[in-house]
Amino acid sequence: MVQSEEYDPYEVAKQLYPDLPQGFPYDNFDLEELILPPGDDMGIKSDDDDVRDEDVQTQSGFGSCIVIQNLPKAPEEKYEKLMGVVRTIASKLGDVRENGIFMPLDDATKTTKGFAFVEMARKEDADAALSDERFINGYQLDKNHKLTLSRFDDFDKYAKVPDEYVQPEPVAYKQPENLHSWLADKYGRDQYVIRHGDNTAVCFNDGKRSRAEVAYQREYWTESFVQWSPQGTMLATMHRQGMAVWGGPNFTRINRFGHQNVRLIDFSPNEKYILSYTSHEPATARDSFHVLINVWDVRSGKQLRKFEGPVDEYAVGSSAGPNGALKWPVFKWAGGRDDLFFARLGRGKISIYECPSMTMLGKESLKLDGVQDFEWSPVEPVLAAYSAEQGNQPARIVLIKVPEKTEMRQKNMLNVSDVKLFWHPQGTYLAVKVEAWTKTKKSTITSFQIFCVKDKDVPLEVFELKNNKERVLNFAWEPKGHRFAVVHGDGPRPNISFFSMRDDKGRLGVRELKMLESRACNAISWSPQGRIIVLAGLKNFNGQLEFFNVDEMETMATAEHFMATDVEWDPTGRYVATVVSHVQQMENGVKIWSFGGRELYSSQRDKLYQFSWRPRMPSLLPAEKEAEIAKNLKQYTKRYDEEDEQLLQQADADVLQERQRALDEWKAYCESRRNYAALQMDFKRELYGPRFAEKEYTIQKVMVEQVVDQKEEPYSTK
């Protein structure tokens with residue numbers, strides 16, 4: 001028997017760590033002292049501070065198991081027949097594991113117990129089965145048996161509910177932050193978000209002083225991109241576990257939504273709902289990509305509906321990208337202030353869903369043979385749909401009013417090659433760009449068919465460019481008004497034409513206002529207030545910019561932002577940003593311009609991934625009141641200019657006051673350390689002795705070349 005030798009840990013530590021303090025690493029390290037006291041977070045706030053312990057539920061491990069209840073109690077000899085019925089029902093719920101169905105027998109009566117256990121292939125399949133519309137209100141098997149579904153884990157959860165009610169402790173009310181606080185900025189500044197490298201920052205655009213002021217910034221805030229909600233109330237960030245929305249002056253988290261590996265999101269226009277999308281690769285070569293789209297309530301964080309299936313089911317018509325990929329958004333939201341409807345394209349149909357029930361409108365899809373694309377009006381639940389030619393049936397554009405599903409207007413067309421739909425931002429017009437084949441089928445001609453939606457009986461205006469065989473590169477409505485711009489031409493420098501839907505007396509009729517010839521332009525961007533348009537030559541055009549006043553039909557300024565990739569107006573139309581994003585390898589950054597084309601300031605950012613202005617809520621003033629204010633704006637200009645000047649002077653005074661405060665703090669600190677500095681000086685004087693009086697010096701190494709010897713000899717080639 002070998003007797004083990006006991007070791008003194010302190011002696012071992014001495015040998016292993018001779019240069020460290022005595023007792024390391026055992027002495028003076030009490031783990032209890034390292035545990036933070038309750039409520040002490042060392043000043044570091046966690047994103048999970050609002051998660052309460054009682055909200056965390058554990059599962060038994062049977063998350064993919066569901067229970068079918070209210071089955072008939074059949075005798076043993078009919079067991080197999082009933083099991084066949086259960087298998088058929090289970091197959092409708094999704095993928096079931098092999099041998100994953102168990103229906104118990106009562107040993108005493110030799111009959112089934114009236115329920116069965118079904119183990120699905122994945123937990124997601126069980127979740128989908130429990131939200132299946134056919135079983136939510138009970139599945140009618142026969143007149144005596146209505147089947148219901150439950151999660152197996154729920155039985156254990158409900159069994160633990162105490163018999164006696166215990167009133168929970170009231171939670172103190174916490175005043176939420178004002179989600180619209182940025183609109184109350186005393187300088188009237190707008191915000192934008194900029195994402196570069198691993199950093200994301202929200203900044204105020206201070207155009208009057210030609211600078212940006214950081215309102216909030218954070219590192220590693222998102223894993224892919226950020227997205228403003230349509231009215232700017234919230235900012236969404238993306239993570240592997242799902243997405244989160246943030247708001248308020250300190251951008252605290254409002255809610256989060258669990259969607260594993262989420263890739264894309266889409267808000268409803270009034271921010272009540274949010275859709276999230278992901279896809280799963282096929283398990284076998286015979287399978288296709290699997291699409292999962294969730295619908296969430298933004299405020300509560302509750303999942304309201306789930307759509308899933310093979311990508312072929314969703315990649316239809318305009319929703320299909322190259323090589324059968326899916327184009328986002330799959331679902332499109334109806335216009336208006338209430339978020340009442342959303343819809344998606346199907347094969348020969350449009351499926352319209354109503355909110356908040358998330359059920360199909362009228363329990364059936366809108367049948368439209370050959371439908372290829374549709375778009376909602378931005379201001380009301382009216383959709384425009386395009387159906388392609390099929391056999392002897394011509395192509396068709398139809399306007400449909402929802403929820404009545406009644407046709408407001410339709411137009412048949414022949415020999416159609418392609419169609420694009422363009423709604424006016426105010427919903428007053430719908431422009432349809434139609435490319436039709438010529439008789440030889442070797443080329444196309446382009447025409448525009450414009451539906452005047454707000455006029456009686458929805459009149460139709462049709463017009464073509466002077467050269468209808470020219471390629472149309474871009475089309476854009478003026479956001480407020482009756483004008484639109486078209487970029488057209490086949491050469492490297494296209495033309496830009498401006499048109500109006502009404503004459504000076506307001507009479508309907510398309511008329512050309514002006515054509516700008518041979519411009520270095522491949523993108524046009526209207527100011528949100530109209531009147532001003534930026535003609536931009538992006539990417540291959542090297543960032544050529546022209547600021548054009550459509551009212552006066554004159555160029556206000558020309559400029560250049562080399563290699564610019566994007567142009568974005570702020571929501572008020574006062575400023576415009578040009579961006580060189582990470583698409584370009586060099587010169588990443590942002591330039592801010594006035595609406596007149598004067599460069600205010602620029603900001604260089606390596607690896608600039610994203611720039612986006614924060615949207616504003618729509619005005620609550622009626623159109624007549626806005627027109628009156630615009631008409632009489634000069635009456636208010638002087639007063640507003642005086643107020644702006646006072647604010648700027650006050651801001652400059654605040655800056656000077658802050659600098660003086662910082663200087664006073666520094667002087668006070670120096671005074672408080674004066675005695676310490678004197679003691680330190682005495683210590684150095686005693687330590688260095690006579691050498692203390694020497695001035696400071698530096699040692700430099702100098703290389704000196706010196707010739708030691710030099711001798712001349714004749715050179716011989718022998």
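A short reminder: the numbers here are calculations on the coordinates, not readings from a lab. Just so it is clear, the structure is predicted and the values come from calculations on it, not from any experiment. Because the Cβ atoms are built from the backbone with ideal geometry, glycine has one as well, and the counts that use them run over all protein chains shown.
For region 65-159, a simple Cβ point-charge model (Lys and Arg +1, Asp and Glu -1, everything else neutral) yields a dipole of about 320 debye relative to the Cα centre. Label region 218-368 by shape, choosing from rounded, prolate and oblate, from the square roots a ≥ b ≥ c of the eigenvalues of the Cα gyration tensor; if a/c is under 1.5 it is rounded, and otherwise prolate applies when a/b is larger than b/c, oblate when it is not. It comes out oblate by the Cα gyration axes.
Measuring against 22 Å, Cα to Cα, the residue pairs K405/K480; K454/K505; K186/K208; K306/K332 contain K405/K480 as the ones spanning a longer distance. The distance between label points at W328 and L130 comes to 2.7 nm (points 7 Å beyond Cα on the Cα→Cβ vector).
Within the same chain, lysines fewer than 8 places from K607 are excluded, and of the rest, those with a Cα less than 25 Å from its Cα are K539, K591.
Nearest 500 deg cm²/dmol is fine: what mean residue ellipticity at 222 nm does the chain get from its DSSP H runs of n ≥ 4 alone, each adding -39,500 (n - 2.57), divided by its residue count?
Numbers: 10 runs with 115 residues, N = 718.
After summing the helix terms and dividing by the residues of the chain, the value is -5000 deg cm²/dmol.
Let me make sure I get this right: for the chain, a, b and c are the square roots of the gyration tensor eigenvalues over alpha carbons, sorted descending. Under 1.5 in a/c it's rounded, otherwise prolate if a/b > b/c, else oblate. Which is it? It comes out oblate by the Cα gyration axes. For the chain, a simple Cβ point-charge model (Lys and Arg +1, Asp and Glu -1, everything else neutral) yields a dipole of about 3920 debye relative to the Cα centre.
Note on I629 and Y79: with the Förster distance fixed at 60 Å, the Cβ-Cβ geometry gives a FRET efficiency of about 0.15. Residue order for W228, W296, W666, fewest other beta carbons within 10 angstrom first, comes to W666, W228, W296. Which net charge results when you count Lys and Arg as +1 and Asp and Glu as -1 among the other residues whose beta-carbon is under 11 Å from that of N522? For residues surrounding N522, the net value is +3.
Partners of K110 within straight-line reach, counting lysines whose Cα lies under 19 Å from its Cα and excluding those fewer than 8 residues away in the same chain: K73, K78, K81.
For region 375-490, rounded, prolate or oblate, judged on the Cα gyration tensor with a ≥ b ≥ c (square roots of eigenvalues), a/c < 1.5 rounded, else prolate if a/b > b/c? Cα axes put region 375-490 in the oblate bin. Close amide-amide hydrogen proximity is noted between D190 and N205, each under 5 Å apart and 5 or more residues distant or on a separate chain (H modeled in the peptide plane; Pro and chain starts excluded).
How high is the relative contact order of the chain, given as a whole-number percent (alpha carbon pairs under 8 Å, six or more residues apart)? Reported relative contact order: 6 percent.
Sorted ascending by nearby beta carbons within 10 Å, beginning with the fewest, R614, R605, R209 become R209, R605, R614.
In this label model, S224 and Q649 are separated by 5.3 nm, measuring between points 7 Å along each Cα→Cβ vector. As a proxy for reagent exposure, T233, T698, T252, T88 were ordered by neighbouring Cβ count within 10 angstrom, fewest first; the result is T698, T88, T252, T233. Give the calculated FRET efficiency between A159 and Q217 to the nearest 0.05, with a Förster radius of 45 Å applied to their Cβ-Cβ distance. Efficiency, rounded to the nearest 0.05: 0.35. With the highest mean first, a sort of the peptides 656-663, 533-540 on other beta-carbon atoms found within 10 angstrom per residue produces 533-540, 656-663. Ignoring lysines fewer than eight residues from K469 along the same chain, the ones with Cα atoms less than 24 angstrom from its Cα are K411, K420, K433, K439, K441, K442, K514.
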